[in-house]
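Worksheet: the structure to be examined is printed underneath.
The values are calculated or read from the model by the stated rules, or taken from the named source; none is laboratory data. On a predicted model such as this, the values are computed, not experimentally measured, just so you know. Backbone-built Cβ (ideal geometry, glycine too); neighbour counts: all protein chains shown.
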Amino acid sequence: MVSLVHYGDEWIELNGRRYSWEDFLKIEPLYSVPYGWKTRVYRCGQEHWISDGVNSLRLPLVWEDGNRICNREGELARLVAFLESERQVS
């Protein structure tokens, strides 16, 4: 299932796999949640909303950028694996 769960500047989960916010920004440096909101949940065709921790706002169920980002999950996984191997060598 195409899904994205983003929580603040801590982590992002793509298609069920969690990544650090720092690593995610290496492949999607322009991604952000609208100012004042800290959480986004997107499951293509099922749910899409953002929250500030108190209030939530429903968004369109189909989000093209969300689909594109989720489709890059494999690329992010390879990048993280490479970075981890580099850290072990150092």
Original post:
In region 45-61, which residues are in contact (Cβ under 8 Å) with a residue 12 or more places away in the chain and within 16 Å of residue 12 (Cβ to Cβ)?
Top reply: 48, 50, 51
**OP:** Collect the residues in region 43-84 that are touching a Leu at 6+ places or on another chain (Cβ under 8 Å), modelled with pLDDT of 95 or more, more than 24 Å from residue 23 (Cβ to Cβ) and not in a strand (DSSP E or B), keeping them in residue-number order.
**Re:** 46
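Quick check on this structure: which one of 13, 64 is buried (at least 16 other Cβ atoms within 10 Å of the Cβ), of a type in the set (Asp, Glu) and either free of Cβ contacts under 8 Å to residues at least 24 places away in the same chain or touching an Asp or Glu at 6+ places or on another chain (Cβ under 6 Å) (or both)?
Values: 64 fails: buried (at least 16 other Cβ atoms within 10 Å of the Cβ).
Of 13, 64, the one residue that is buried (at least 16 other Cβ atoms within 10 Å of the Cβ), of a type in the set (Asp, Glu) and either free of Cβ contacts under 8 Å to residues at least 24 places away in the same chain or touching an Asp or Glu at 6+ places or on another chain (Cβ under 6 Å) (or both) is 13.
I'm checking my understanding of the structure. Among residues of region 15-48 that are in contact with a Phe, Trp or Tyr (Cβ under 8 Å, 6 or more places away or on another chain) and among the hydrophobic types (A, V, I, L, M, F, W, C), which one is nearest to residue 73 (Cα to Cα)? Spell out how you get there, then give the answer.
At the first step, the residues of region 15-48 found to be in contact with a Phe, Trp or Tyr (Cβ under 8 Å, 6 or more places away or on another chain) are 18-21, 24-25, 31, 38-42, 44, 48.
Applying the additional criterion that residues be among the hydrophobic types (A, V, I, L, M, F, W, C) yields 21, 24-25, 41, 44.
On the way: 21: 13, 24: 9, 25: 12, 41: 16, 44: 15 Å.
Out of the qualifying residues, it is 24.
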**OP:** Test residue 31 against the stated conditions and say whether it is among the aromatic types (Phe, Trp, Tyr), assigned to a strand (DSSP E or B) and in contact (Cβ under 8 Å) with a residue 24 or more places away in the chain.
**Re:** no
**OP:** Identify, by number, the condition in (1) part of a strand (DSSP E or B); (2) surrounded by 13 or more Cβ atoms within 10 Å (Cβ to Cβ) that residue 18 doesn't meet.
**Re:** (2)
